[in-house]
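As structure tokens, the structure follows; a few thoughts come after it.
The values are calculated or read from the model by the stated rules, or taken from the named source; none is laboratory data. Predicted model only: the values in this text are computed from it and were never measured. In this analysis, Cβ positions are derived from the backbone assuming ideal geometry, glycine residues included, and neighbour counts consider all displayed protein chains.
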Amino acid sequence: MKVLVTGSSGLIGSAAVRHWDALGADVYGIDNNMRQTFFGPQGSTRWNQQRLQAETQRFTHVEMDICNREAITQLFAQHKFDLIIHCAAQPSHDKAKDIPLLDFDVNAGGTINLLEATRQHAPEAVFCHMSTNKVYGDAPNELPLVELETRWEYARQEDFHGIDETCRIDRTTHSLFGASKCAADVIAQEYGRYFGMKVGVFRGGCLTGASHSGVELHGFLSYLVHVAVQDKPYTIFGYKGKQVRDQIESSDVILAFEQFASKPRPGEVYNLGGGRENSASMLECIQLIEQISPYRVRHTYTETNRIGDHVCYISDLRKLKSHFPDWSIRMSLPDILGKMIEMEEHKLQHSKIG
């Protein structure tokens, strides 16, 4: 089996590399460390690339830009891939406004380059597209909410499970990142529906894990752990710090991809997050870190929220679970945070030794 992973040095991409390498597949990973271009040295994923190359058996790193259509086409012509895991992206709301053309080129242009190369050279391959809940823009904010002591919560019982795949994706404010990912999401669906290709679209909640190179503009939970362990200041942007996210660990994302690959449904869309059980507000995450570790989070608050940000977002996982009943969330939020704290301590110790 031959697997291609884009964004292979990132959080989800590196988890995919490890997973399929352990299964004995030949894994090719495209990554050119664009996170450092987007976010500076703190966002670099070279450390993760080096770990993959040292610890895997059948992994080949490919230094390539997914915006380079000719190079992508040549790669697909050279290798007959059976599975494509597409995770490469410009992932930040805030950064997109500063680099709108690059953001669109990477998120939308890079995606159609990969889809068309798949259609031309590997039409029977399964293609898992890592989308985002930001394709819904701020439409989820239209649900009635109640303010509790530490979080915003859905006011109606029918909304208890969260946002499902019928939530609209137009006539909302997305951020330019949300808009470019929306374009990629729709074109991926179209390659599945129009061409009958085995394309699955996964609208991620807060994807997280110990391999995340979190920065202030992207990777909330990873960055929160980073500032706690490193004793750095943290800024909460709006909504009283009660904005809710559902956290899903990267390994649970990979298992959803694996389930889809075993029984693909062309052009299907799934919300993929931590769901109700792994939902927590920013304040609750801070409290949890302080409960399970000796660290404290030095945070300040600004009233200005991020444009297009969600007040309360929980992924309704019922569709995914109904199609793939063997899949479920395995990693709890406290377990996720514990592993992230261990990793951050390891990085801190290594930097002092270095």
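Yes/no per residue for (1) of a type in the set (Asp, Glu); (2) crowded, with 18+ Cβ neighbours inside 10 Å; (3) under 19 Å from GLY209 (Cβ atoms); (4) over 19 Å from the mean Cα position of the chain (by Cα):
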| position | (1), (2), (3), (4) |
| --- | --- |
| LYS2 | no, no, no, yes |
| GLY7 | no, yes, yes, no |
| ARG18 | no, yes, yes, no |
| ASP21 | yes, yes, yes, yes |
| MET34 | no, yes, no, no |
| TRP47 | no, no, yes, no |
| THR56 | no, yes, yes, yes |
| MET64 | no, yes, no, yes |
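Exactly one residue out of TYR234, TYR191 is outside any loop (DSSP other than H, G, I, E, B), over 27 Å from ILE329 (Cβ atoms) and in contact (Cβ under 8 Å) with a residue 40 or more places away in the chain: that is TYR191. Of the residues examined, GLN42 is not one that is touching a helix residue (DSSP H, G or I) at 6+ places or on another chain (Cβ under 9 Å) and without any contact (Cβ under 8 Å) to a residue 12 or more places away in the chain. Would you mind stating whether THR73 is in a helix (DSSP H, G or I), touching a residue at least 12 places away in the same chain (Cβ under 8 Å) and surrounded by fewer than 21 Cβ atoms within 10 Å (Cβ to Cβ)? Yes; evaluated as a whole, the condition is true for this residue. The residue that is farthest from SER281 (Cα to Cα), among those in segment 299-324 that are out of contact with any helix residue (DSSP H, G or I) (no Cβ under 9 Å at 6 or more places or on another chain) and not charged (D, E, K, R), is SER322. Exactly one residue out of GLU153, GLU116, GLU158 is within 30 Å of ALA77 (Cα to Cα), of a type in the set (Asp, Glu) and either surrounded by fewer than 24 Cβ atoms within 10 Å (Cβ to Cβ) or without any contact (Cβ under 8 Å) to a residue 24 or more places away in the chain (or both), and it is GLU116. Pairing each residue of segment 22-33 that is on the phi > 0 side of the Ramachandran plot with any residue that is outside any loop (DSSP other than H, G, I, E, B), provided the two are 6+ apart or on different chains, yields C-beta distances under 8 Å for ASN33/ARG46; ASN33/GLN49.
Looking only at residues of segment 271-322 that are in contact with a Lys or Arg (Cβ under 9 Å, 6 or more places away or on another chain) and hydroxyl-bearing (Ser, Thr, Tyr), we find that the one that is surrounded by the most Cβ atoms within 10 Å (Cβ to Cβ) is SER315. When you scan segment 157-172, do you find a residue that is modelled with pLDDT under 95, charged (D, E, K, R) and more than 30 Å from MET1 (Cα to Cα), even just one? No, segment 157-172 has no match at all.
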